[in-house]
Amino acid sequence: MVGAAISESSGEGIGSNSILSQKRQLSSSDGAKRDAKKRSIMLMELEILDCPICYEAFTIPIFQCDNGHLACSSCCPKLNNKCPACASPVGHNRCRAMESVLESILVPCPNAKLGCTKKFSYGKESTHEKECIFSQCSCPALDCNYTCSYKDLYRHYHTTHLEVYHLNKFCCGSFFSIRINISEKMLIRLEYTKALLFAVQCFQEPYGVYVTVSCIAPSAPEVGNFSYDLSYTVDGQTMTYKSPKMKMILEVSFQTPQENFMLIPNNLLRGDMLDMKLLIKELKQE
């Protein structure tokens, strides 16, 4: 009987420990669910950190009127420093509390699923994304929707869109010839030592043709910085252009550039073809 009692008592102890363990597991599971829910709610409520006027993410400084209505530093001048909600003056008093909240919020990179582990202040994700080595680049070929890392883009373009590879490759630091049809608007060249794609684009405008060169890659230290020299010769006249730091892009744009371009006036154009010399140089890291 004693043995049976001990056995029964021991069984109750084991059962009690088992129940306690299950409770702890359920409590831990519930806690994880609550944490996930909190994170979800927090992400949903991050919209309160957007300017209620332009709906862009707040950046410091943040201003408030006497009634506590908020406005970003970009909106205040556009509103003539007059609050749209109550007509009180806005743009002079900082909202330090919201600025403190803004500085305390860290969000993961949009490329976290692709491997980026960096976190940054809310509202700065677009700036970081342009510099993130994990950012996806779009294939510049017409009617191709392929997106991938800049390294994979080189392989994709080489194997999918090029018929004669050696005619389209070059090496940084040396002049090479390019021939571009103005109506086709774009020419892609491949730098084989760094596995990078460069887009040479031309834009027909009333004054002449704008020519610009961009690198299709994120603006990350691992990629590097570049500049370019262009020369165009016609009827014994030579035009030259030396660019500042080249623009790094994730996707080719067909909007006429506002800076960093060579303008060939209409009186120096001879037909639809442009025959030019191009030099792309890698800049030293700052």
Which residues, counting only those in region 69-106, are in contact with a Cys (Cβ under 8 Å, 6 or more places away or on another chain), among the small types (G, A, S) and in a loop (DSSP other than H, G, I, E, B)? S74, A85, S88, G91
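Considering each of T117, T159, T147, T127 in turn, give the residue that is under 24 Å from Q201 (Cα atoms) and either surrounded by 14 or more Cβ atoms within 10 Å (Cβ to Cβ) or outside the structural domain of S253 (by the TED database) (or both).
Working: T117 fails: under 24 Å from Q201 (Cα atoms); T159 fails: either surrounded by 14 or more Cβ atoms within 10 Å (Cβ to Cβ) or outside the structural domain of S253 (by the TED database) (or both); T127 fails: under 24 Å from Q201 (Cα atoms).
Only one candidate qualifies: T147.
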Could you say whether any residue in region 183-200 is surrounded by 16 or more Cβ atoms within 10 Å (Cβ to Cβ), more than 30 Å from A112 (Cα to Cα), touching a Gly at 6+ places or on another chain (Cβ under 9 Å) and touching a residue at least 60 places away in the same chain (Cβ under 8 Å)? no
Filtering strands (runs of 3 or more DSSP E) wholly in region 137-234 for at least 2 residues that are farther than 16 Å from P257 by Cβ gives 176-181, 186-191, 196-205, 225-234
Report, by residue number, each residue of region 132-143 that is open to solvent by 30 Å² or more (accessible area, probe 1.4 Å) and on the phi < 0 side of the Ramachandran plot. I133, F134, Q136, L142
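The values are calculated or read from the model by the stated rules, or taken from the named source; none is laboratory data. Note that this is a predicted model, so its numbers are computed, not measured. Cβ: placed from backbone, ideal geometry, glycine included. Neighbour counts: every protein chain shown. For accessibility, only protein heavy atoms count, side chains too; no ligands or nucleic acids. Shrake-Rupley method; radii C 1.70, N 1.55, O 1.52, S 1.80 Å.
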